[in-house]
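The values are calculated or read from the model by the stated rules, or taken from the named source; none is laboratory data. These numbers were taken from a predicted model, which means no experiment stands behind them. Glycine gets a Cβ as well: all are built from the backbone with ideal geometry, and neighbour counts include every protein chain shown.
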Amino acid sequence: MIHGVDKAVLVLDDGCRFDGIACGAAGEAVGEVCFNTSMTGYQEIMTDPSYAGQIVTMTATQIGNVGTNPEDMESRRPWFKGFVIRESSRIPSNWRSKEDLSGFLARHNIPAIEGIDTRQLVGQLRDQGSRRGVLSTIDFNTDSLLAKARAWPGLAGMDLTGEVTCDKPYPWREGLPAWKRGVWYPWNNVSGSDSTGGERPRLRVAVLDFGVKHNILRNLVAAGCELEVWPAQVTLEQLLAHDPHGFFLSNGPGDPEAVTHGIRLIEQLLRTGRPVFGICLGHQMLSLALGGSTSKMKFGHRGGNHPVKNLQTGLVEITSQNHGFVVSRSSLPAEVTVTHESLFDGSVEGIRHGRLPVFSVQYHPEASPGPHDAHYLFADFVTMMRHVNHL
């Protein structure tokens, strides 16, 4: 129960109904019901802008054990529509916690439901695919909720980047926290001294914010970059006025094919000859700008234990993932090489252009589930920028 509300219901667009207990804000939310298999990191999931438009179901049986805190925010607020869990922890057990899960959800006006059979729900989503749904603490009529769920158009064809992007450009200088520094960057020598013993100059990177996560920015700074974060609707002229050494394409929500303004901008970026690195939505939009295509997945990849094979080295990386769309391998032009693939289903997890200084990955290297399996990608980006810019 939260703030006097003790009942909540989830209704899917196929008519399936789940009755449970409210554990977030009072209200109602409609969105795509999906599931995430991560055992930890629920606050990072809640505040990842890529989840805009979705009602997230956690497969772990108890959520909220370590509470919430300001340091683990991946953006300025939660973006998902609703939360579905088996059981919420009422007593956070961590010295960093500033607020329990229910209080955090209520403060950010996110409805949530607990006490339902999440295994049954996840089984249905796995077999049938992600569904449109309504989570409500104010309307309990099945027919009414079913009509609302079916009236929602769904994420296919939806551009949500305007909802999650920043309002105006801003610099980002914050690196990794002290306890994470020096874990892997020193042996890559991407931000240390040069061969003469002098300090290497930081590289100017223009970050296109389609829903960027803070830890991506921290990792870029730790790798030796100086960042300027730009809204999704930025123009090429605005970016070039700051003379960046390279461009970063962030993660984000929605259908990549619907973000036509972003794809057109990336086509312009490719013509500059400057390095480009994309993650998740940025990877998908880069693939589209290069002539590829994307499609919606049945239930997507969402979790912190996804094995990805690096086809260039043969090594397997344990990755964090959150995407419901995928790049079609057969659609990619001959000059584009698939560099990574999922060991779950063989889908495209990374690409690199054979002529242009351009590469991207579908997964999230900054999330560190391996914990450092994929951090080399930030170093590769820095190395590429130094080479192209002769630094």
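Observations, loosely collected:
- Positions within region 30-57 being surrounded by fewer than 24 Cβ atoms within 10 Å (Cβ to Cβ) and aliphatic (A, V, I, L, M), in sequence order: Val30, Met39, Ala52
- Listed by first and then second residue, the pairs linking a residue in region 320-335 that is more than 14 Å from Gly291 (Cα to Cα) to a residue that is acidic (Asp, Glu) and assigned to a strand (DSSP E or B), with Cβ atoms under 8 Å apart and 6 or more places separating them unless they lie on different chains, are Gly324/Glu32.
- When residues in region 203-257 are screened for being assigned to a loop (DSSP other than H, G, I, E, B) and not aromatic (Phe, Trp, Tyr), 22 of them pass.
- Candidate set from region 61-90 (those that are surrounded by fewer than 21 Cβ atoms within 10 Å (Cβ to Cβ), part of a loop (DSSP other than H, G, I, E, B) and over 17 Å from the mean Cα position of the chain (by Cα)); member that is modelled with the lowest pLDDT: Arg90
- Residue within region 268-279 that is in the same structural domain as Ala206 (by TED's automatic domain parsing), under 24 Å from Val56 (Cα atoms), crowded, with 18+ Cβ neighbours inside 10 Å and of a type outside the set (Val, Ile, Thr) present: no
- Of all residues in region 50-69, those that are in contact (Cβ under 8 Å) with a residue 40 or more places away in the chain have Cβ atoms under 8 Å from Cβ atoms of residues that are of a type in the set (Lys, Arg) and in a helix (DSSP H, G or I), 6 or more apart or on another chain, in Thr59/Arg119.
- Hey, Gly262 buried (at least 24 other Cβ atoms within 10 Å of the Cβ) and over 22 Å from Asp380 (Cα atoms) or not: yes
- Subset of region 357-374 [in contact with a helix residue (DSSP H, G or I) (Cβ under 6 Å, 6 or more places away or on another chain) and assigned to a loop (DSSP other than H, G, I, E, B)]: Pro357, Gln362, Ala374
- All of Ser93, Ser97, Ser38 fail the test of being touching a residue at least 12 places away in the same chain (Cβ under 8 Å), closer than 27 Å to Glu366 by Cβ and touching a strand residue (DSSP E or B) at 6+ places or on another chain (Cβ under 6 Å), apart from Ser38.
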